[in-house]
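Report on one structure; see the data block that follows.
Readers should treat all values here as calculations from the given coordinates under stated rules, not as data from a laboratory. What you see is a predicted model, and the numbers here were worked out from it, not measured in a lab. Note that each Cβ is placed from the backbone with ideal geometry, even for glycine, and that neighbours are counted across all protein chains shown.
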Amino acid sequence: MNIVRQSPSVLVFDSGIGGLTVYNEIYNKVPNAHYIYAFDNELFPYGDKSAEFLINRVNSVIETITKFYTIDLAVIACNTASTVCLPSLRSKFSFPIIGVVPAIKPASLLTKNKCIGLLATKATIERTYTTNLIQQFAANCSVQLLGLSELALIAENKLQGITVDMQQLKELMQPWLELQTVPDTIVLGCTHYPFIKKELQMIFSQATFIDSGYAIATRVYNLLNDKYDLKQKTSDASENIVLSTNYNQSVEKLIKKLSNYNLNKYQLIKA
Ligand code: DGL
């Protein structure tokens, strides 16, 4: 196979800042790619939208992005979107598309007490995709599901500098605190949640938390490494880009923080 001497353009997409947790893992593994981090803040949160709505919306946002930028690989860094949008996206776009889905399989290999907790948006918890994942990989475990609409916002707020209200978080986790067997392995099934892992760990001090970030980064590396020379960054890849579908005060604040993530150029896109 011919190795392309040009940095690949990788799109990482989410409804909000959650995808940054995945982007971070990918960036650490593949620092020489060119990145576009896009988030659909106009319609955040995705966790309360229907499957049909999300399929149309995500397709249309990605289509708009492709009008401005060449994409060599896309990561849908959102469990809520990935669990419904991947087939339609893959049939529409010719570049490889990697989705993020709850890490049930690794959790089933890790749990000792055979009790796994899946923390995700309400939409992800209700998806047939998620039910099938559990049946396929964790049929021998008790899987406790907790679908919450508040957690992604708590994570967004934390990144904006608002301290997590531990009392509120504890109340949200109450259903699991009342269980006879508390999960020893907790799957963070929403890409926003690694931002509040520290606070969740304070509540479930004995539990191991798992997210899909590292596995996705490895998958991205393997796919790109087959085709591109990843040892060098070409000059066309010097600026990593942030796109959002709405511009407001929060975005303004966020952009300042994003230079810590090596995302240094902003553009508003209208889908
Ligand atoms: N980050 C998204 C996920 O992984 C969801 C957040 C939202 O509700 O928009 O599911």
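Numerical summary
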| read-out | value |
| --- | --- |
| Two-site label geometry, residue 231 and residue 110: point separation in nm, points 7 Å out along Cα→Cβ | 3.4 nm |
| Amide hydrogen neighbours beyond the local backbone of residue 210, cut-off 5 Å, H modeled | 186, 187, 188 |
| Kirkwood hydrodynamic radius (C-alpha pairs) into Stokes-Einstein, region 167-257, 37 °C and 0.692 mPa s, D in µm²/s | 191 µm²/s |
| Euclidean distance of C-alpha centroids, region 126-187 and region 30-63, integer Å | 22 Å |
| Computed E for residue 162/residue 238 - FRET, C-beta separation, R0 45 angstrom, nearest 0.05 | 0.85 |
| Angle in degrees between helix 166-177 and the longest Cα principal axis of the chain, rounded to the nearest 10 | 60 degrees |
| Inter-site label distance for residue 142 and residue 214 at 7 Å from Cα along Cβ, in nm | 2.8 nm |
| Order of 71, 3, 17, 203 under a 10 Å beta carbon neighbour criterion, fewest first | 3, 203, 71, 17 |
| Estimated vicinal HN-Hα couplings, Hz - region 11-19 in sequence order (Karplus 6.51, -1.76, 1.60; Gly, Pro = x) | 9, 10, 10, 8, 6, x, 7, x, x |
| Cross-link partners of residue 198 among lysines (Cα-Cα below 24 Å; sequence separation of 8 or more within a chain) | 29, 105, 112, 114, 122, 158, 170, 253, 256, 257 |
| Candidates 171, 239, 25, ranked by Gaussian network fluctuation over the chain, Cα under 10 Å, top entry | 171 |
| Relative contact order (%) - the chain, alpha-carbon pairs under 8 angstrom, separation at least six | 29 percent |
| Cα convex hull volume per residue for region 113-184 (Å³) | 96 Å³ |
| Residue-averaged 222 nm ellipticity for the chain, from DSSP H runs of 4+ at -39500 (n - 2.57), nearest 500 | -13000 deg cm²/dmol |
| Mean separation of Cα contacts under 8 Å (6+ apart) over length of region 175-271, as relative contact order % | 21 percent |
| Per-residue HN-Hα couplings for region 258-266 [Karplus 6.51, -1.76, 1.60; θ = phi - 60°; Hz; x = Gly/Pro] | 6, 5, 5, 9, 6, 10, 10, 9, 10 |
